[in-house]
There are 2 protein chains.
Amino acid sequence: MTKTLNPTCTLQDNRLNDVLRSCDGCTARSKAICADLTKEELSALNAISRRRQLRPGQPIISDQEQPEYFAIILSGTVKQTKVLPDGRQQIVGLLFPSDFVGWPFETHGSHHAEAATAVQLCSFPAQQFERLVRQHPGIQHHLFRYALSQLDAAQDWMLLLGRKTAREKVASLFTMIAKRSRGPDTCDFDSQGRERFALPLNRSDTADFLGLTLETVSRQFRVLKDNGVIRLDGPRMVTILDPAALDIAATSPFV
Amino acid sequence: MTKTLNPTCTLQDNRLNDVLRSCDGCTARSKAICADLTKEELSALNAISRRRQLRPGQPIISDQEQPEYFAIILSGTVKQTKVLPDGRQQIVGLLFPSDFVGWPFETHGSHHAEAATAVQLCSFPAQQFERLVRQHPGIQHHLFRYALSQLDAAQDWMLLLGRKTAREKVASLFTMIAKRSRGPDTCDFDSQGRERFALPLNRSDTADFLGLTLETVSRQFRVLKDNGVIRLDGPRMVTILDPAALDIAATSPFV
DNA sequence: CGACACTTTGACTGTAGTCAATGTAAGTGG
DNA sequence: CCACTTACATTGACTACAGTCAAAGTGTCG
């Protein structure tokens, strides 16, 4: 299992332990909502920020509680879930580095968000952050646009849940995760230049994300593997062998 | 088919044809994003507003085009759709009176919105509206909170699409439409005080909203009717006979 | 009246779900 | 070092829910 980084990747130092916590070296700086903020807005944000590390399964926002803090994801993956009274579960959002977790001004909130993998966050105390958003329309503007992109993603996922076959759902998951893993710091290719990523979810969570059972997920993984579309190095490590075939599998109901 | 309005309803005059187009008599005034705006913000909005009437099927925002205008729905229902290359369709949003149609500052937008029924809109030219939003953080704040409520609704629907049975989906649709129809102006009860509403979608669109086929939708309507949960007066007119049973049917997979 | 759009119903099929057993890998303690 | 546990994943056999295909029914409009 050789692992070589794409030569175009420029590894940046997070300096997670820096006392100064400067935004300059932050890996999320160029993509998160803090991108394009004015110097003033950015330093106001930075002044109330705090780094956090979460273990898999640790909650960020618990159902029925006011969130303690909001955060930008620096590394790792966060899952948002909704559950029915009898326990059936649906993952309604997967959040990746540079994504924002939690929504200011939300009152109702039947939300639950937790770390799917180990996660590093840049967090902001809830009330201070809300005050900051009120003071700086620029920050609100970016949050608004980010919310719209999340809404669009949710609606794309509705199309997947309502209209795609199991095969298409699994293939779409792979293309989505590959796309989100494509960043200057996080991209990963094997020795032959083929895209590769670690799934942030186990089979059960994957099923809850795709609206399937874990057995069906496992079987569809196998089919894509047998067809030479992907390779599996362990149950979580996926290499895309045939990107074109994967794209077809993600939008065509037959085969 | 007797139709009596709930005595608590206070019918207001839309004055759709008034030249002055005052917001004072507007039916959406108290619930739409224009609620809680300052006098200044409201009059700025009002100054660029224009009433529009749409026939069923008429598009508001076409896929791949910059929207011409944004709008608040005064009456009727609007559907947002996403389609796969091979034509499979999913309705990703149903919008009711007081809802906002279209999103300022959106660039990508694989959005399509069209009138599901006859629709009356209070519309705003896209560019003028965007300029207004930039100038008035208060308007943006309301739009932001509205976007969050739409995101929450989308995620609730993801739970429905991914995890509910056909029976539950249809029952959930009825509870959702009943809830949205419950307004001071639009509520409708039969002679015995039972809640009643007209479905804004035909069977095919209903199927596209619930992630089912139209035949399955038709059969589940029949089961709920046979069980005495609802009554159908024509294919579109639903009366809720047993609200408790309907709530159970909406969240319990067995029967 | 016939044309058309929409809906209902029936018979059959197939995809994904269910239930159960087995496989795999990492971690624990004797 | 090796049983044993635990969590997760795979595979198989069978089932059932919803989909497909087809026909008939209903209502509206010209």
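The table below lists the values:
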item	result
Part-to-part distance (alpha-carbon centres) for region A:166-199 and region B:69-136, which is given in Å	33 Å
Prolate/oblate/rounded call for the protein assembly as shown, Cα gyration tensor, a/c under 1.5 rounded	oblate
Rg in Å to one decimal, and Dmax rounded to a whole Å, for region B:195-255 via C-alpha atoms	11.3, 28
Helical contribution to [θ] at 222 nm, DSSP H n ≥ 4, -39,500 (n - 2.57), averaged over chain A, rounded to 500	-11500 deg cm²/dmol
Subset of A:Lys39/B:Lys39; A:Lys82/A:Lys169; A:Lys79/B:Lys164 violating a 28 Å alpha-carbon distance limit	A:Lys39/B:Lys39
Kyte-Doolittle mean at least -0.5 and Cα axial length at least 24 Å: DSSP H helices in chain B	B:137-163
Net lengthening on full extension, A:Met237/A:Lys31 (0.36 nm per residue, minus Cα-Cα)	71.6 nm
Loop chymotrypsin sites (Phe, Trp or Tyr not before Pro), region A:178-255, which have at most 16 other Cβ atoms in a 10 Å radius of their Cβ (DSSP)	A:Phe254
Position A:Ala47, label points 7 Å along Cα→Cβ, spacing to each other copy in nm (shortest first, one decimal)	3.5
GNM result for chain B, Cα springs below 10 Å: residue of B:Ile48, B:Ile73, B:Ile139 fluctuating most strongly	B:Ile48
Rg/Rh (Cα only; Kirkwood hydrodynamic radius) as it applies to chain B	0.98
Volume in Å³ per residue [convex hull over Cα atoms, computed for region B:64-180]	121 Å³
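Since every read-out is calculated from the coordinates, none of them should be taken as a lab result. Since the structure is predicted, the reported quantities are computational estimates derived from the model, not experimental observations. Because the Cβ atoms are built from the backbone with ideal geometry, glycine has one as well, and the counts that use them run over all protein chains shown.
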